[in-house]
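Accompanying notes for the structure given below.
The values are calculated or read from the model by the stated rules, or taken from the named source; none is laboratory data. No experiment lies behind these values; they were computed from the predicted model shown. Virtual Cβ from ideal backbone geometry, glycine too; neighbours counted across all protein chains shown.
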Amino acid sequence: MKHGAKVKRCSSEGCTNVVVKGGVCKRHGAKVKRCSSGGCTNNAQKGGVCVRHGAKIKRCISEGCTSYARIGGVCIKHGANAKKCSSEGCTSYAQRGGVCIRHGAHIKLCSSKGCTSYAQRGGVCVKHGAKIEYKRCSSEGCTSYAQRGGVCIKHGAHIKRCRSKGC
């Protein structure tokens, strides 16, 4: 899409989502391409395959950040706009369908047979092989894990403590 071009909106009444195909968004029937890797049901990204099968996803351009980039090449933490849950009074980020998990967004379950855990990476939960990359502290020379704001406790991350007696 060229700079300054108008974004087409879904033709379904009252919907403001961006058109995917045939004048409608995914929610209102646009067919989404699936990964071309045999037997995979994930949505295709670039090159016709999902992330698990080789699609490259851009990372945030802010120095030292390893989060996935959103609009403008930056992640939410560094300025990309993200939709908030449409449920009144909720401040969580929308996951699917304009709402957060608490208000009805359905998140993918682990693809391992009989597992009811949420999928983390590659369609599976941690127990079935998803590797979760924990971020390191952004202070120079520090190898501790980041807690809040990209830094460890030693370098200024404030962690909320339980206020119950004896805890």
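Here are a few things to note about the model shown:
- Selected residue (criterion: modelled with the highest pLDDT) from residues of the range 78-89 that are surrounded by 13 or more Cβ atoms within 10 Å (Cβ to Cβ) and over 22 Å from residue 27 (Cα atoms): 78
- Set 61, 57: member being of a type outside the set (Phe, Trp, Tyr) and either surrounded by 12 or more Cβ atoms within 10 Å (Cβ to Cβ) or not in a loop (DSSP other than H, G, I, E, B) (or both): 61
- Residues being in a loop (DSSP other than H, G, I, E, B) and of a type outside the set (Gly, Ala, Ser) - total across the range 64-102: 13
To keep it simple, each residue is scored yes or no on (1) of a type in the set (Asp, Glu); (2) in contact with a His (Cβ under 8 Å, 6 or more places away or on another chain); (3) surrounded by fewer than 15 Cβ atoms within 10 Å (Cβ to Cβ); (4) modelled with pLDDT of 80 or more.
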site	(1), (2), (3), (4)
125	no, no, no, yes
130	no, no, no, yes
133	yes, no, yes, no
136	no, no, no, yes
140	yes, no, yes, yes
145	no, no, yes, yes
152	no, no, no, yes
160	no, no, yes, no
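- Yes/no for residue 24 being closer than 28 Å to residue 86 by Cα, at pLDDT 80 or above, of a type in the set (Val, Ile, Thr) and surrounded by 14 or more Cβ atoms within 10 Å (Cβ to Cβ): yes
- Within the range 133-167, the only residue that satisfies the criterion of being touching a residue at least 40 places away in the same chain (Cβ under 8 Å) and either more than 16 Å from residue 65 (Cβ to Cβ) or hydroxyl-bearing (Ser, Thr, Tyr) (or both) is 138.
- Checked across the range 32-44, the condition of being modelled with pLDDT under 85, under 26 Å from residue 145 (Cα atoms) and in a loop (DSSP other than H, G, I, E, B) holds for no residue.
- Residue within the range 43-50 that is among the aliphatic types (A, V, I, L, M), under 30 Å from residue 140 (Cβ atoms) and surrounded by 16 or more Cβ atoms within 10 Å (Cβ to Cβ) present: no
- Residue 145 satisfies every condition listed in (1) within 19 Å of the chain's Cα centre (by Cα); (2) of a type in the set (Phe, Trp, Tyr); (3) over 24 Å from residue 52 (Cβ atoms) except (1).
- Conditions (1) surrounded by 15 or more Cβ atoms within 10 Å (Cβ to Cβ); (2) small (Gly, Ala, Ser); (3) at pLDDT 80 or above; number of the one not met by residue 105: (3)
- Selected residue [part of a loop (DSSP other than H, G, I, E, B), surrounded by fewer than 13 Cβ atoms within 10 Å (Cβ to Cβ) and hydroxyl-bearing (Ser, Thr, Tyr)] from 164, 111: 164
- Odd one out for residue 107 among (1) in contact (Cβ under 8 Å) with a residue 12 or more places away in the chain; (2) within 16 Å of the chain's Cα centre (by Cα); (3) more than 24 Å from residue 66 (Cβ to Cβ): (3)
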